[in-house]
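The values are calculated or read from the model by the stated rules, or taken from the named source; none is laboratory data. What you see is a predicted model; the values in this text were computed from it and never measured. Positions of Cβ are backbone-derived with ideal geometry, glycine not excepted, and every protein chain shown enters the neighbour counts. The protein model used for the area step is the full one, side chains on, heavy atoms only, and it has no ligands, DNA or RNA in it. Shrake-Rupley method; radii C 1.70, N 1.55, O 1.52, S 1.80 Å.
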Amino acid sequence: GDGVFPFVSNRDGSAGIYLKMIGRNAEVPLARGSGEYSNPVMSLAASRIAYTVSDSGGCSKLELVDLTGANRRLICDSAGRIDAAFTADGKWIYYSVSRCRENSADIYRASCEGGPEYPVVCWPQSSEHSVSFSNNNEYMVFCSNRDGKEQIFLSNPLAEHPLKITDADANHYRPIFSSDDRY
């Protein structure tokens, strides 16, 4: 196997983000230091990795870094919970943010090249999270508890006219598309 993947290791006493290059049997530290590093997601199309850094007060921030470890930038700060996903083409990073000491979460997006964040799904008194994209970037799925239980919604990447695709009296989490976009 050849390839690369990000992972978390606490080999020097605190969690850091590393990049494993299988073909070269090498590991490169990308982010370490004060705070607890976690939840790395990678986009080969964008040549970037996003990850969260938590402080001792329970707040997190989302950072983005090139696969070389250069060009680190802050995407989101002062969040209680963050999960992130890249669009398949690597142009955008979407993330769900629960601000510190708040119970709701909203979905935002930011260009991987820099610039402001844009709200995507901000429904009142609910939490939206777990964004995933089709490989052709035509659709996204996400979860929301706006109807009481965690349900899965399907929409375009701007969340226009979202369609609830689950409705069982149960919670649904972490939807993803099949590699051929059929399911």
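Dividing the mean sequence gap of close Cα pairs (under 8 Å, 6+ apart) by how many residues the chain holds gives a relative contact order of 11 percent.
Rounded if a/c is under 1.5, else prolate if a/b beats b/c, else oblate: with a ≥ b ≥ c from the C-alpha gyration tensor eigenvalues square-rooted, which is the stretch 58-127? Oblate, since a/c reaches 1.5 and b/c is not below a/b. Counting only Cα atoms, the size of the stretch 29-158 along its three principal axes is 42, 38, 21 Å, in decreasing order.
Charged neighbours of residue 159, selected by a Cβ distance under 10 Å, balance to -1 (K, R count +1; D, E count -1). Only protein atoms count toward the accessible area here, which uses a 1.4 Å probe; on the stretch 124-183, the carbon and sulfur part of that area reaches 48 percent.
Charge dipole (Cα centre; +1 on Lys/Arg Cβ, -1 on Asp/Glu Cβ; no other charges) of the chain amounts to roughly 380 debye. Loop exposure criterion: GluC sites (Glu not before Pro), DSSP state outside H, G, I, E and B, at most 13 other Cβ atoms within 10 Å. Applied to the chain, the longest stretch between such sites is 1-101.
Computed over neighbours whose Cβ is under 10 Å from that of residue 133, the net charge equals -3, Lys and Arg +1, Asp and Glu -1. With a cut-off of 11 Å between beta carbons, the residues surrounding residue 147 carry a summed charge of 0, where Lys and Arg count +1 and Asp and Glu -1. Between the residues 95, 143, 50, the greatest Cα displacement towards the positive end of the dipole of the stretch 48-144, with unit charges on the Cβ of Lys, Arg, Asp and Glu, is found for 50. For residue 91, a cut-off of 14 angstrom between C-alpha atoms picks up these aspartates and glutamates, skipping any fewer than 8 places away in its own chain: 66, 113, 117, 138. Here the accessible area of the stretch 1-76 is 47 percent carbon and sulfur, with a 1.4 angstrom probe and all protein chains present.
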